[in-house]
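**Student:** Would you mind keeping the following structure in view while I ask a few things?
The values are calculated or read from the model by the stated rules, or taken from the named source; none is laboratory data. Keep in mind that what you see is a predicted model, and the values were worked out from it rather than measured. Ideal geometry is used to build each Cβ from the backbone, glycine not excepted, and the neighbour counts take in all protein chains shown.
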Amino acid sequence: MSAQRFFDWGLRLYIGLFFVYLFLPLAIMAVATFNDSRFPTITPWNGTTLKWFAELWADGRMWAALGNSLLVAGGVLCLAVPIGVASALFLTTVESRAKPFVYGLILSPLLTPGVIIGISTLIFWREFGINGGTFLTVLGQATFISAYVMLMVMARLQRFDRTLERAALDLGATPWQAFRRVLLPFLKPAILSAAAIAFLQSFENYNTSLFVVGYDTTLTVYLASKVRTGLTPAVNALGLVLILITILIASVYELKRRHELKPKGV
Amino acid sequence: MDGSVILDNVVMRFDDFTAIEPTSLEIRSGEFFSFLGPSGCGKTTLLNIISGFLSPTDGDVRIGNASMRGVPVNHRPTAMIFQNLALFPLMSVYQNIEFGLEVRGVDRATRRRKADELLELVALGGSGGKPVSALSGGQKQRVAIARALAVEPRVLLLDEPLSALDLKLRQHMRNELKAIQRKTGITFIYITHDQGEALAMSDRVAVMSAGRIQQVADPETLYHRPQTGFVATFVGENNRLAGRVIECRDGRATLDIPGLGRLSGRSGSELSPGRPAALFVRPESLSLSDAVGSAAASMLEAHIETVSFEGAWRMLEARLIATRETVRILVGQGAGDVLQPGQTARFGYDPDNAIVLADDGAPTHDAEMGETPRASSQPAQENRHVPSA
């Protein structure tokens with residue numbers, strides 16, 4: 001009995017410490033946004049201010065970088081999701097000797113350091129007269145993000161009951177109809193989460209992007225460059241805004257999910 | 001509407017394994033036809049060849065007298081009910097049933113009308129809006145039937161669809177399937193390893209073993225006049241006593257069975273003196289010697305090993321004193337009451353109720369199955385057999 005209580009308290013303590021470890025830096029960062037200090041810190045507290053939001057708002061290059069990051073992430077989605085889904089389908093449905101080769105080929109960028117991917121993308125495309133910029137950033141990131149998509153979609157595909165496809169064909173569906181009406185709805189949740197992961201992977205990517213962005217700086221590359229020229233709490237303000245947006249999206253998603261879980265009449 | 005299915009010299013080979021030996025067969029339009037055989041006998045392969053999921057290595061399938069060569073699955077006038085039913089889990093009952101019509105471009109109102117009709121037919125009226133996951137096993141079964149019938153197939157293919165149901169429901173669905181088949185007049189081709197199912201529902205049954213059809217006949221004929229040792233032991237239960245033919249006359253054959261002497265029965269296949277053959281006596285044809293009484297009866301002396309109570313009757317397992325072979329005997333309640341394990345008793349049979357079949361070295365069901373547990377408590381409708389010594 002007392003061992004059980006000891007365990008319960010230990011578990012609570014552990015969870016508490018874990019959350020502190022996870023959220024304390026974010027909390028400090030958020031609070032520092034409101035400190036009237038030239039550096040992002042909470043000590044000494046020089047007085048409460050909102051001026052760093054104003055400064056953030058006025059930072060045109062930052063907004064350009066953010067816009068570019070979103071553009072790159074969109075491009076990566078358009079490229080990585082179809083490639084990932086197609087290779088997952090190929091690897092689980094087609095009988096081919098090329099399977100291990102294709103599997104290795106798609107996964108290899110995951111095992112390659114991002115820096116190498118960035119450098120090699122840059123060197124390769126320079127041969128064709130294409131220099132660093134949004135286009136190369138999309139290509140470079142998509143090489144390894146496709147692999148994430150493939151792995152996630154494959155995991156779900158392996159649980160697919162192939163007789164469902166056979167049943168659709170048997171009932172007169174064309175292979176395309178069977179895919180669209182039976183397999184695709186089954187894969188939809190996996191494709192959507194893979195797309196979300198792909199978006200985040202692209203948005204936060206730094207090491208590959210660093211080499212291929214050219215003048216089309218992404219947000220991560222821009223922030224890193226600010227570290228050298230001197231950070232101000234405006235960066236904290238940006239962090240706070242991003243956190244709030246994340247919480248908002250997560251809440252909307254969760255509410256929608258709960259709504260869908262409710263039994264529906266027809 | 002011609003729903004006849006003709007297999008014309010169909011052969012199926014996978015690399016160097018022959019799944020289907022050359023097979024020719026005609027299934028009549030509107031017939032309830034079953035393929036019965038143990039797993040691995042090729043019956044599912046045959047079903048896949050008819051439905052179009054597999055193309056035969058050689059030969060042709062004709063449905064309604066039209067060759068199916070080169071006709072893909074989705075253009076064949078067949079519909080399949082899968083072993084696991086394969087209902088679309090993300091769709092409602094209506095959507096499942098209407099699927100085949102929807103992909104054919106049938107308009108919404110017609111689809112719905114048809115689906116409602118079919119739901120009535122399978123006694124599920126008013127359930128169209130339910131998600132498939134909300135249905136019980138038996139209801140899912142009915143939805144699968146309705147979904148297959150919706151595309152108005154000439155031939156309905158059923159791949160052991162009842163195997164997942166419990167005993168009571170299985171027996172109920174047998175009657176229902178048979179009733180639906182009569183009402184619709186569609187050719188049903190049923191695949192099963194359960195002889196009870198095949199015998200109860202079918203107009204004709206093809207018994208298969210090792211990629212070959214052993215016999216095609218109506219259930220009564222299969223049971224009373226098996227043509228091969230495999231059919232004799234696979235359909236219903238049989239005691240097999242192997243020996244050599246001594247004489248063959250007037251539809252009777254007499255065998256010399258080592259240790260047991262001369263025993264006779266109806267001759268069931270081409271027999272000639274001196275050739276190996278086996279006598280098959282069903283457990284219900286064996287009885288305690290007092291009960292037989294006539295001089296025509298042949299006697300066997302055996303040591304009773306187990307007596308299992310099975311409701312209206314008892315199943316005895318006894319070891320023949322002369323050969324140490326095990327035989328199974330079905331006795332009614334009265335006789336069963338006095339018999340105890342450890343006793344020795346004499347059993348007899350009427351030679352008219354025993355059949356002699358040539359032993360051509362082809363596998364019997366027993367040989368294929370290998371050793372089987374002696375004191376089995378299998379349910380009554382399961383296939384039982386005597387391990388050959």
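Results for (1) crowded, with 20+ Cβ neighbours inside 10 Å; (2) under 17 Å from A:Ala73 (Cβ atoms), shown as yes or no for each residue.
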| residue | (1), (2) |
| --- | --- |
| A:Arg180 | no, no |
| A:Leu192 | no, yes |
| A:Val213 | yes, yes |
| A:Asp216 | yes, yes |
| A:Ala224 | no, no |
| A:Gly230 | no, no |
| A:Gly239 | no, no |
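**Student:** Let me spell it out: the conditions are (1) at pLDDT 85 or above; (2) crowded, with 19+ Cβ neighbours inside 10 Å, and B:Leu260 meets all of them except one. Which number is the exception?
**Tutor:** Result: B:Leu260 fails condition (1) only.
**Student:** Would you call B:Phe82 modelled with pLDDT of 90 or more and touching a Leu at 6+ places or on another chain (Cβ under 8 Å)? Even if it seems obvious, please write down each step before you answer.
**Tutor:** Working: modelled with pLDDT of 90 or more: yes; touching a Leu at 6+ places or on another chain (Cβ under 8 Å): no.
For B:Phe82, the condition - modelled with pLDDT of 90 or more and touching a Leu at 6+ places or on another chain (Cβ under 8 Å) - is not met.
**Student:** Picking from B:Pro219, B:Pro226, which residue would you name as being touching a strand residue (DSSP E or B) at 6+ places or on another chain (Cβ under 8 Å), buried (at least 17 other Cβ atoms within 10 Å of the Cβ) and within 25 Å of B:Leu157 (Cβ to Cβ)? Please lay out each step first, then the result.
**Tutor:** Numbers: B:Pro226 fails: within 25 Å of B:Leu157 (Cβ to Cβ).
Unique residue meeting the criteria: B:Pro219.
**Student:** Let me ask another. Can you name the residue in the stretch A:18-42 that is touching a residue at least 24 places away in the same chain (Cβ under 8 Å) and surrounded by fewer than 17 Cβ atoms within 10 Å (Cβ to Cβ) and is also nearest to the chain's Cα centre (by Cα) among such residues?
**Tutor:** A:Leu26
**Student:** Out of the stretch B:103-141, which residues are within 12 Å of another protein chain (Cβ to nearest Cβ), in a helix (DSSP H, G or I) and buried (at least 19 other Cβ atoms within 10 Å of the Cβ)?
**Tutor:** B:Val132
**Student:** With respect to A:Pro109, is the statement that it is exposed (fewer than 15 other Cβ atoms within 10 Å of the Cβ) and either touching a residue at least 40 places away in the same chain (Cβ under 8 Å) or of a type outside the set (A, V, I, L, M, F, W, C) (or both) true?
**Tutor:** On the way: exposed (fewer than 15 other Cβ atoms within 10 Å of the Cβ): no; either touching a residue at least 40 places away in the same chain (Cβ under 8 Å) or of a type outside the set (A, V, I, L, M, F, W, C) (or both): yes.
Here the answer is no, as A:Pro109 does not meet what is asked.
**Student:** Moving on to the next point. Of the residues B:Ala164, B:Ala146, which is surrounded by fewer than 16 Cβ atoms within 10 Å (Cβ to Cβ), touching a residue at least 40 places away in the same chain (Cβ under 8 Å), among the aliphatic types (A, V, I, L, M) and within 14 Å of another protein chain (Cβ to nearest Cβ)? Show your work before the answer.
**Tutor:** Numbers: B:Ala146 fails: surrounded by fewer than 16 Cβ atoms within 10 Å (Cβ to Cβ).
None of the other options fit; the residue is B:Ala164.
**Student:** Suppose we keep only residues that are over 17 Å from B:Arg324 (Cβ atoms), surrounded by 14 or more Cβ atoms within 10 Å (Cβ to Cβ) and among the small types (Gly, Ala, Ser) within the stretch B:292-306. Which one would you say is modelled with the highest pLDDT?
**Tutor:** Ranking the qualifying residues of the stretch B:292-306, first place goes to B:Ser298.
**Student:** Just for helices (runs of 4 or more DSSP H) wholly inside the stretch A:159-261: which have at least 3 residues that are more than 14 Å from every other protein chain (Cβ to nearest Cβ)? Step through it out loud before you land on a result.
**Tutor:** Numbers: elements: A:162-170, A:175-178, A:184-204, A:209-212, A:219-229, A:234-261.
Output list reads A:184-204, A:209-212, A:219-229, A:234-261.
**Student:** Search the stretch B:49-73 for residues being buried (at least 19 other Cβ atoms within 10 Å of the Cβ) and under 20 Å from A:Ala168 (Cβ atoms), and hand back the single one that is nearest to the other protein chains (Cβ to nearest Cβ). Let's see the steps before the verdict.
**Tutor:** Taking the stretch B:49-73 as the starting set, the residues that turn out to be buried (at least 19 other Cβ atoms within 10 Å of the Cβ) are B:49-52, B:56, B:61, B:63, B:68, B:73.
Still in the list and also under 20 Å from A:Ala168 (Cβ atoms): B:49-52, B:68, B:73.
On the way: B:Ile49: 14, B:Ile50: 11, B:Ser51: 6, B:Gly52: 8, B:Met68: 14, B:Val73: 5 Å.
Within the stretch B:49-73, the match that is nearest to the other protein chains (Cβ to nearest Cβ) is B:Val73.
**Student:** Still on this structure, please answer the following. Go through (1) within 13 Å of chain A (Cβ to nearest Cβ); (2) more than 16 Å from A:Arg166 (Cα to Cα); (3) over 28 Å from the mean Cα position of the chain (by Cα); (4) not polar (S, T, N, Q) one by one and return the number of the condition B:Pro89 breaks.
**Tutor:** It fails just one condition, (2).
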